[in-house]
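*Asks:* Structure provided below as structure tokens; questions to follow.
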Amino acid sequence: MVNFKKARERMVQSQLAARGVHDERVLEAMLKVPRHLFVDEALRDQAYSDHPLPIAEKQTISQPYIVALMTESLKLKGTEKVLEIGTGSGYQSAILAELAGRVFSIERYPELGYRANSILRKLGYKNFIIRVGDGSLGWPDDAPFDGIIVTAGTPQIPQPLIDQLSMGGRLVVPVGDRLAQDLFLIRREAEGIEKTNLGAVRFVNLVGKWGWKE
């Protein structure tokens, strides 16, 4: 029988803190959110392992370190409005809900969106909303956003997401081909857009008008 609390503690210490994730709020969120509830029951003993896991619709729940790295890059203080592209399991949504004022999340697959919404509600989160649709178009109705996180690889940075970023806002997005990407941090400043490469990653494909075609 897996002791999930102990497994979470080991994950935070050995996979996150030991590899350079230092934001205390991010570490506390990763320590609190029960990641095992977001994966299939048959895979729960691997929920805190240092690798991604498959979920429905041939999608994945990202490696814990990548979740922490992307989240830390947004530098959230607690009041921000954040947009997530690719709800997936809902785990990243839960981490963001712990750290931001309001979370808007878009999922392409209805089944994943409904399941994530159900888990998040059961865990008591209220500061989020999930919409089913084309994430590459963003969420113009509620823009601008202080932070945008894209959990799928795209051949280009979707222009709507840059347009929906507030001044001083941060966008984290994997950009590359269908098999491998580089994770970029985009900052919107008065002088223009600043871009920083955070390293090589591998994500499922972002499908949509500004992403990959079917």
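*Asks:* What are the ³J(HN,Hα) couplings of the stretch 123-133, residue after residue, when phi is run through the Karplus curve with 6.51, -1.76, 1.60 and θ = phi - 60°? Round to Hz, x for glycine and proline.
*Replies:* 7, x, 6, 10, 8, 9, 8, 10, 10, 8, x
*Asks:* Given springs between every Cα pair under 10 Å in a Gaussian network model of the chain, which of PRO110, PRO174, PRO144 has the largest fluctuation?
*Replies:* Highest fluctuation among the options: PRO110.
*Asks:* Top mean-square fluctuation among GLY20, GLY135, GLY153, Gaussian network model of the chain, C-alpha springs under 10 Å?
*Replies:* Result: GLY20 has the largest fluctuation of those listed.
*Asks:* Quick check on the stretch 89-147: what are the equivalent-ellipsoid semi-axes from the Cα gyration tensor, as sqrt(5λ), descending, whole Å?
*Replies:* Details: eigenvalues 61, 47, 13 Å².
In descending order the semi-axes read 17, 15, 8 Å.
*Asks:* Still on this structure, I have one more. What does the charge count around ILE186 come to, taking other residues whose C-beta lies under 9 Å from its C-beta (Lys +1, Arg +1, Asp -1, Glu -1)? Before the final figure, lay out the partial values.
*Replies:* Values: positive: ARG170, ARG187, ARG188, LYS195; negative: GLU194.
Once all neighbours under 9 Å are counted, the net charge is +3.
*Asks:* Sequence-distant or interchain residues sharing an amide H contact under 5 Å with GLY153, placed H: which?
*Replies:* Long-range HN contacts for GLY153: PHE203, VAL204, ASN205, LEU206.
*Asks:* Residues with amide H under 5 Å of LEU165's amide H, sequence separation 5 or more or different chain, H placed in the peptide plane at 1.01 Å from N; which?
*Replies:* For LEU165, whose amide H was placed from the backbone, the distant partners under 5 Å are PHE145.
*Asks:* When the accessible area of the stretch 130-192 is computed with all protein chains present and a 1.4 Å probe, what percentage of it is carbon and sulfur? List each step's numbers first, then the result.
*Replies:* Values: 1200 of 2430 Å².
That fraction is 49 percent.
*Asks:* Compute the acute angle (0 to 90°) between the alpha-carbon long axis of helix 110-122 and the principal axis of greatest extent of the alpha-carbon atoms of the chain; round to the nearest 10°.
*Replies:* The angle comes out near 60 degrees.
*Asks:* Sticking with this structure for a sec: Among the lysines, select those whose C-alpha is under 23 Å from the C-alpha of LYS6, and discard any that sit fewer than 8 residues away in the same chain.
*Replies:* The reachable lysines, counting only those whose Cα sits under 23 Å from LYS6, are LYS32, LYS122.
*Asks:* Amide H of LEU83 versus every other amide H placed in the peptide plane: which residues, excluding those fewer than 5 positions away on the same chain, fall under 5 Å?
*Replies:* Those lying under 5 Å, H to H, from LEU83 are PHE104, GLY147, ILE148, ILE149.
*Asks:* Here is a follow-up. LYS195: which lysines have alpha carbons under 24 Å from its alpha carbon, excluding same-chain residues fewer than 8 sequence positions away?
*Replies:* Straight-distance partners of LYS195: LYS75, LYS77, LYS81, LYS209.
*Asks:* Further question: Which residue, VAL150, TRP212, ASN3, has the largest displacement toward the positive end of the dipole of the chain when charges sit on each Cβ (Lys, Arg +1; Asp, Glu -1)?
*Replies:* The listed residue farthest towards the positive side: ASN3.
*Asks:* Angle check, please: helix 64-73 long axis (alpha carbons) against the longest principal axis of the chain (alpha carbons), in degrees 0 to 90, nearest 10.
*Replies:* 40 degrees
*Asks:* Mind checking the per residue accessible area of the stretch 29-109 for me, 1.4 Å probe, whole number of Å²?
*Replies:* Numbers: 2840 Å² over 81 residues.
With all protein chains present, the stretch 29-109 gives 35 Å² per residue.
The values are calculated or read from the model by the stated rules, or taken from the named source; none is laboratory data. Keep in mind that what you see is a predicted model, and the values were worked out from it rather than measured. Counting neighbours? That spans all protein chains shown, and the Cβs are built from the backbone with ideal geometry, glycine included. Areas reflect the complete protein model, heavy atoms only, side chains present, ligands, DNA and RNA absent. Shrake-Rupley method; radii C 1.70, N 1.55, O 1.52, S 1.80 Å.
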